[in-house]
Structure formats: C-alpha cells, structure tokens
Amino acid sequence: MHGILDGREVVFFSGNDYLGLSRHPLVIEAAMESLREFGAGAGAAQLISGRTRDHEELEKKLQSFMNAEAVLLFPSGYQANLAAVSALAGEGDLVVMDKLNHASLIDASRMSKAELRVFPHKHYKKLEEILEKYPDKRRKLIVTDAVFSMDGDLADLDAVCAIKKKYHALLVVDEAHAIGVFGLKGSGLVEEKKLWQEVEVRTGTFSKAIGGQGGFIAASREIIDYLVNTARPFIFSTAIAPHLCRAAHRAIGIIESEPPLRKRLLWKTFEVRDEIQKDLGFPMGPSQSPILPLLMGSPEQALAFSQALLEEGVYVPAIRPPAVGPNQSRLRLTLSAAHTDEDFKKLLFAMKTTKSLAIPAGVYPQA
Ligand SMILES: Cc1ncc(COP(=O)(O)O)c(C=O)c1O
C-alpha cells in the first residue's frame with residue numbers, strides 16, 4: 001500500500017486490493033510456479049488451445065467457492081460482464097439496470113441490441129414500473145452491481161429478487177467489489193443474503209480483493225454451456241493467462257481460510273468512516289463497504305483536496321465526470337486489510353490538517 005508518487009513516498013488509499021492479496025507471498029509463489037510451467041500467456045482462446053490445467057482447477061475452485069454449478073473464465077471482469085449481458089439478451093428483449101451500475105454493464109447492454117431501460121439508483125419502485133410496461137418482451141434481464149463502485153453502497157438484493165420473481169425476469173449480479181468482503185466464506189453479497197437459488201448469473205473479477213487479474217461468470221451448467229457457444233467476448237479472445245488462474249486459485253483459498261482478514265477490513269472501514277464523518281465532519285454517502293466517497297461537488301474542490309492530501313503523504317484520487325455525474329465529484333477513498341494502523345492514523349491526521357485548507361466550510365452538498 002506504500003509507494004512513490006511524484007517523487008514522494010505515499011500511502012495509497014486508491015486501489016481495490018481490499019485484502020492485500022496481490023502482494024501475498026503464497027499468491028506470488030503460485031503465479032511463479034505456473035509461469036515456469038506454462039509460460040507467460042495462454043497463447044490462444046480457450047476453445048482453440050488456450051485452456052490449461054490451471055484453468056480447469058480454478059473453475060472447480062470457483063464452483064465450490066461461489067456455490068455454483070458451473071463457471072466460465074475471462075481475461076477481465078469487463079469481458080465477463082460484456083459476455084453475460086450481451087449473450088443472454090438480444091433484439092426483442094429488455095435489459096433493466098441501476099443507473100450506477102459499472103460502465104461494462106451499460107456497454108454490454110448496448111452490444112446486446114436489447115431495449116435498455118435504466119432506473120434511478122436503488123429506486124426499485126421504478127424498476128417495477130419499467131417491468132410492468134413491457135409484459136410482451138421475450139426475455140427480461142435485471143442487472144445490478146452488488147456493491148456500487150463509486151458510492152460503496154449495496155444493492156438491496158432481497159428487494160430485487162422479489163421483483164424479478166414477480167415479473168419472471170432473469171437476474172445478473174456483478175459481485176466485483178463484494179467478493180472477498182461479504183459472505184461467511186467471502187464469496188460476496190449473494191452468499192451473505194443466501195440468495196444462490198434466486199440469482200441466475202453472478203459475475204466477478206480477480207482484480208479487486210482476489211488481488212490479480214481476470215474475470216468469471218458463475219451460473220447453472222445450462223447457462224454456461226450456452227455462453228460457451230454464444231458469448232463473443234469469450235469466443236474471440238485469448239484465454240486468461242494460466243499464472244493469473246493459479247494466483248487467483250491461491251488467493252481464494254486464503255480468503256476462505258483467513259476470515260480475520262475480512263473482519264479487520266470491515267472493522268477498520270466502520271472505524272475510519274465514523275471518524276471521518278463524525279469527528280472531521282465530512283459528509284459521506286451511505287457506503288457500507290471499504291469504498292468511502294468524500295463528496296465534494298465541484299471537480300476543482302476534489303482535485304485541490306486530493307493534492308493537499310498528497311502533500312501530506314496520502315494518495316486519495318479525485319473522481320470527476322464522466323466517471324461520476326455532474327456535481328458528484330468526490331474523493332474515492334478505499335481501504336485495505338493490508339493498511340497498517342499507522343497508515344490509518346496518517347490518513348486521518350492528513351485529513352484533519354488539510355481539511356480547512358482545501359475546502360472552505362459550508363460548501364459540501366448534502367450526502
Ligand atoms: C463493478 C465493477 N464491475 C466490473 C469491473 C471490471 O473488472 P476488471 O477490472 O477486471 O475488468 C469493475 C472494475 O473496475 C467494477 O468496478
């Protein structure tokens with residue numbers, strides 16, 4: 001979590017390596033073993049000759065971790081999302097999604113040629129109204145992030161599942177920021193809510209808490225078989241590199257066997273969030289995850305505050321439109337179990353000392 005930025009030693013509060021597994025010796029060792037055995041890349045798409053024992057074993061591991069019948073691997077989470085939505089919906093279908101879903105899901109629905117309707121963030125009444133308007137659509141797909149990547153809040157999956165049942169829709173949940181953070185085993189929000197039977201498709205990435213790179217779809221055998229034969233981002237792309245599979249495999253094993261990592265992450269999240277909100281008086285959105293948005297309003301304020309923090313030795317990136325809506329500029333603070341208590345102290349101290357410098361009192365929009 002430490003590094004050099006602009007020639008200055010800083011603590012990074014900017015990544016998604018929530019458990020610090022990208023630097024875990026056992027994860028690095030696993031990748032090295034595979035690099036020596038299979039080389040640096042897969043060399044071909046999975047359907048040609050890009051599939052190795054590492055791919056097979058990671059699929060099996062994910063099936064048990066995600067409690068899913070079948071799994072399909074991708075070189076990135078972006079591609080997994082593209083594949084899931086664009087293959088499962090097409091012309092004549094309806095895709096309905098939360099306004100704050102990840103860009104890959106929006107891109108996927110455009111690629112699908114299905115009719116796309118977007119509902120205001122977590123406004124499930126609106127979701128129902130949209131579904132009511134389209135009784136004749138051949139297939140209806142509801143798509144939501146589990147943890148929203150810019151606000152850090154959680155989808156209300158119980159509410160979404162009730163609606164999807166009522167309207168006979170299929171549900172796709174992107175667990176990108178929930179894996180390694182939520183659930184007894186650490187497999188995400190669907191596990192936390194015990195909704196395996198209700199959610200037809202889950203997508204995920206190895207680039208957040210799993211600490212590596214790559215993505216996957218977990219679903220029934222029937223859906224995965226269908227995707228193997230129809231999902232263009234799967235068919236026409238070189239397979240994820242074997243060493244990334246072996247690293248992800250090892251990282252998932254650590255997530256399963258070391259719940260204290262997750263406990264520390266969530267405990268620190270609530271502690272830091274409370275201090276920033278109550279003691280420092282920063283308004284925050286309703287985040288319930290290690291993604292803590294510090295709402296600023298104007299891009300200039302966000303940049304100024306980020307710069308002031310950098311001068312104190314902590315890096316928290318300023319996020320501005322188009323990554324967020326107008327007047328939604330913010331600092332996106334992300335925490336990791338690998339941050340030390342000293343790191344957290346440094347962050348809070350830096351915020352305290354720069355607060356008045358960077359942001360004149362009374363300029364915050366209401367959270
Ligand atoms: C919610 C969400 N889904 C999907 C992705 C894409 O994952 P990847 O970085 O593996 O392509 C991201 C990453 O930015 C994300 O935040």
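Suppose we filter the range 115-147 for residues that are away from the ligand (no atom under 16 Å from the Cβ), in a strand (DSSP E or B) and either without any contact (Cβ under 8 Å) to a residue 24 or more places away in the chain or hydroxyl-bearing (Ser, Thr, Tyr) (or both); how many remain?
4
Counting only residues that are touching a residue at least 24 places away in the same chain (Cβ under 8 Å) and within 11 Å of the ligand (Cβ to nearest atom), which one in the range 99-113 is surrounded by the most Cβ atoms within 10 Å (Cβ to Cβ)?
Applying the filter and picking the extreme gives ALA108.
Which members of the range 58-82 meet the condition of being near the ligand (Cβ under 10 Å from one of its atoms) and either at pLDDT below 95 or outside any strand (DSSP E or B) (or both)? Steps first, please.
Going through the range 58-82, the residues near the ligand (Cβ under 10 Å from one of its atoms) turn out to be 74-82.
Across the range 58-82, the qualifying residues are PRO75, SER76, GLY77, TYR78, GLN79, ALA80, ASN81, LEU82.
Kindly indicate whether VAL190 is within 16 Å of the ligand (Cβ to nearest atom) and in a helix (DSSP H, G or I).
Taking the combined requirement at face value, the residue satisfies it.
Regarding the range 60-73, can at least one residue be identified that is touching a residue at least 12 places away in the same chain (Cβ under 8 Å), under 27 Å from ALA31 (Cα atoms), of a type in the set (Phe, Trp, Tyr) and in contact with a Lys or Arg (Cβ under 7 Å, 6 or more places away or on another chain)? Step through it out loud before you land on a result.
Narrowing the range 60-73 to residues touching a residue at least 12 places away in the same chain (Cβ under 8 Å): 61-63, 65-73.
Applying the additional criterion that residues be under 27 Å from ALA31 (Cα atoms) yields 61-63, 65-73.
Applying the additional criterion that residues be of a type in the set (Phe, Trp, Tyr) yields 65.
Still in the running and in contact with a Lys or Arg (Cβ under 7 Å, 6 or more places away or on another chain): 65.
Checked the range 60-73: at least one residue is touching a residue at least 12 places away in the same chain (Cβ under 8 Å), under 27 Å from ALA31 (Cα atoms), of a type in the set (Phe, Trp, Tyr) and in contact with a Lys or Arg (Cβ under 7 Å, 6 or more places away or on another chain).
Taking LEU310 and the conditions (1) surrounded by fewer than 18 Cβ atoms within 10 Å (Cβ to Cβ); (2) over 21 Å from SER287 (Cα atoms), which numbered condition does it fall short on, given that it satisfies the others?
Failing condition for LEU310: (1).
If I go through the range 277-303 residue by residue, how many of them are among the small types (Gly, Ala, Ser) and part of a helix (DSSP H, G or I)? Show your work before the answer.
First, pick out the residues of the range 277-303 that are among the small types (Gly, Ala, Ser): 281, 285, 287, 289, 297-298, 302.
Then keep just the ones that are part of a helix (DSSP H, G or I); that gives 302.
Counting residues in the range 277-303 that are among the small types (Gly, Ala, Ser) and part of a helix (DSSP H, G or I) gives 1.
Got at least one residue in the range 168-181 being closer than 20 Å to ALA83 by Cα, touching a residue at least 40 places away in the same chain (Cβ under 8 Å) and more than 16 Å from the ligand (Cβ to nearest atom)?
yes
Condition check ((1) free of Cβ contacts under 8 Å to residues at least 40 places away in the same chain; (2) touching a Cys at 6+ places or on another chain (Cβ under 8 Å); (3) surrounded by 19 or more Cβ atoms within 10 Å (Cβ to Cβ)) across all residues:
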| site | (1), (2), (3) |
| --- | --- |
| LEU280 | no, no, no |
| PRO321 | yes, no, no |
| ASN327 | yes, no, no |
| ALA337 | no, no, yes |
| ASP341 | yes, no, no |
| ALA350 | no, no, yes |
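Just name the residue that is nearest to the ligand (Cβ to nearest atom) out of those in the range 206-251 that are within 21 Å of the chain's Cα centre (by Cα), among the aromatic types (Phe, Trp, Tyr) and not in a helix (DSSP H, G or I).
Once the filter is applied, the top-ranked residue is PHE206.
Mind checking which residues of the range 83-98 are away from the ligand (no atom under 14 Å from the Cβ), crowded, with 23+ Cβ neighbours inside 10 Å and closer than 20 Å to VAL160 by Cβ?
Hits for the range 83-98 are LEU88, ALA89, LEU94, VAL95, VAL96.
The values are calculated or read from the model by the stated rules, or taken from the named source; none is laboratory data. Just so you know, these numbers come straight off a predicted model, no measurement behind them. No Cβ is skipped: glycine too gets one built from the backbone with ideal geometry, and neighbour counts run over all protein chains shown.
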